[in-house]
Amino acid sequence: MSVEQLTTISPITNKPIVQRQGLSDADITALPRAATAAFNAFRKTSLAERQTIVKQALQLLEQKKDELAKELTEQMGRPIAYTGKEITTAVARGKYLLKVSGDALSDTDGEKEQGYKRFIKKVPVGPVLVLFAWNYPYLILVNSIIPALLAGNSVILKPSPQTPTVVEQVHRIFKEVGLPQNVMQYFHCGSFQKIERMVKNPQIKLVCFTGSVAGGLAVQQAASGRIEVRVGLELGGKDPAYIRPDVDVKWAAEEIVDGAIFNSGQSCCSIERVYVHESIHDKFVSAVQEVLKGYKMGDPFDLDTNIGPVVSKRAAQLIQQHISEACQRGATNATPDNHSFKSPPSDGNYVAPTLLTNCTHEMAVMVEETFGPVIPVMKVKDDEEAVKWMNDCEFGLTASIWTKEVEEGQKLADDVEAGTVFVNRCDYPSPDLAWVGWKNSGKGQTLSRFGFDQFVKLKSYHFRDCPK
């Protein structure tokens, strides 16, 4: 069987920019075998040794920020003004995980009893397969590989074909700081049939997948015949925001626009639907229009650009379908005049930020993941109605409530069905809080001290003194 050839198409020019060879049939068995052998040695290293390796790798990652940022902009289209920030944030996230690793991986003592010693130890699960997405590849990768390695596991990484060099850069960095051979391996692949065979390999003990719901279901199904293997899924979102009547409207508008269209809306935790109290609805819409007038869409290598292209022609078509369908069903395109929105570079996959009003849950743009720079707005009469519509969704990743009455916001947050609820903030996976999806947004958790849990299994020790 011939080896798959993978080509990365630039979202900026729609021309090929990177080519890689895919996974061979021999690799499907060779990679897990090598990962298992490496794991059996690496798991016996001390936590202090592993912490040193991770610390040095994070330092080197930060040093290479400018180089990595340029590659990200080329491959996925985020403006160069922001791609470096992903590296900085990834490093900061890794440092936090490093800081809490001692506590997160520590033993738990049993009850004290004369003549006995009992404790629970957290031991590494074994080779971990990490399948990660293109939209925030360094952030996503740090979520998995840092706790995996600190716990003593080996890892096999598969990047999105859209951002293939990310995994190569990370592998090179860890090799340079002395990570033992084959503790970290990677492969390129666009064939789910081959990925499925890797998931089914009995030497793989945990699969971490970040991507679409369909992809997550396929990975879970592939693993369903194995009892031992664990599956962690970080999937889609349709994250709601509710604007209460007491809020500072101008400030909220600026925050909502940023949370909805940053990275061209291509984030699982972007704001994808906005519920606004009827008493301030018109004022809020006007404020959003004023904010949008100040944005610039265009060449992502221009430092003044706020919005670049979306990742592919197919993605652009889906976003436009959601906009068109909403307008056909009664929504109003309330996007203000903005020259850059009307005259983007001709070769790229540009979708102008779009403000829609008069939206309802009969429209796909309010219930299906759009993954684009769209701000659909729906009027509500009170808190109760807002929460009702916020929960009327198959996803439950994040949600946000915007109000001067923070305590009231917290009370409402208790009724919102999402793994993370923000008050007066959005789109910020804080490393000290668990990042977890409810409903079809996933299962398992990353970040915080709880982010180590899926990378370890518990082993109980029970010792009794021998009679003299």
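The values are calculated or read from the model by the stated rules, or taken from the named source; none is laboratory data. Everything numeric in this text was worked out from a predicted model, so none of it was measured. Don't worry about glycine lacking a Cβ; one is built from the backbone with ideal geometry, like all the others, and counts go over all protein chains shown. Each accessible area value is taken on the protein alone, full model and side chains, heavy atoms only, with ligands, DNA and RNA left out. Shrake-Rupley method; radii C 1.70, N 1.55, O 1.52, S 1.80 Å.
General remarks:
- Amide H contacts under 5 Å for LEU356, placed H, 5+ residues apart: ALA334, ILE375, VAL377
- Sorting 304-315, 100-111 by their mean Cβ neighbour count within 10 Å, with the most densely packed peptide first, gives 304-315, 100-111.
- The amide H of TRP435, built 1.01 Å from its N in the peptide plane, has THR446, LEU447 as neighbours under 5 Å, considering only residues 5 or more places off or on other chains.
- Here the chain has 49 percent of its accessible surface on carbon and sulfur atoms, given a 1.4 Å probe and all protein chains in place.
- Computed from the Cα positions only, the extents of segment 106-160 along the three principal axes stand at 55, 18, 11 Å, in decreasing order.
- Computed magnitude of the charge dipole of segment 239-423 (debye, nearest 20; Cβ of K, R +1, Cβ of D, E -1): 680
- In the chain, the DSSP beta bridges split such that about 40 percent are antiparallel, to the nearest 5.
- Amide proton proximity set for ARG230, modelled H, under 5 Å, gap of 5+: LEU206, VAL207
- Scaled against the 2.2 N^0.38 Å expected of a compact globular protein of N residues, the Cα radius of gyration of segment 47-158 reads 1.34.
- DSSP beta bridge pairing in segment 239-423, given as percent antiparallel to the nearest 5: 10
- Rounded Å value of the spacing that divides the Cα centres of segment 405-458 and segment 231-264: 15
- Lysines whose Cα lies under 16 Å from that of LYS175, excluding same-chain neighbours fewer than 8 positions away: LYS55, LYS64
- The Cα center of segment 1-49 and the Cα center of segment 323-345 differ in position by 41 Å.
- The packing ranking, built from the mean of other Cβ atoms within 10 Å per residue, places the peptides 210-217, 182-189 in the order 182-189, 210-217, highest first.
- Helix-only arithmetic for the chain: the sum of -39500 (n - 2.57) across DSSP H runs with n ≥ 4, divided by the residue total, places the mean residue ellipticity at 222 nm at -12500 deg cm²/dmol.
- Cut-off 18 Å, label 7 Å out along Cα→Cβ of TRP251, residues of segment 405-427 by amide N: 405-410, 422-427
- Surface accessible to a 1.4 Å probe, per residue, for the residues of segment 82-153, Å²: 37
- About its Cα centre, the chain has a charge dipole of approximately 2320 debye under the convention of +1 per Lys or Arg Cβ and -1 per Asp or Glu Cβ, with nothing else charged.
- Efficiency of FRET between GLN51 and SER460 - r from beta-carbon atoms, R0 22 angstrom, step 0.05: 0.30
- The residues of segment 391-451 expose on average 47 square angstrom of accessible surface per residue, using a 1.4 Å probe on protein heavy atoms.
- A straight Cα-to-Cα reach below 13 Å connects LYS158 with the aspartates and glutamates ASP27, GLU168, GLU196, residues fewer than 8 places away in its own chain not being considered.
- Rounded D (µm²/s) - the chain, Kirkwood Rh over Cα pairs, Stokes-Einstein at 4 °C, 1.567 mPa s: 55
- Aspartates and glutamates whose Cα lies under 12 Å from that of LYS379, excluding same-chain neighbours fewer than 8 positions away: GLU278, ASP282
- As a ratio to 2.2 N^0.38 Å, the alpha-carbon radius of gyration for segment 321-397 is 1.24.
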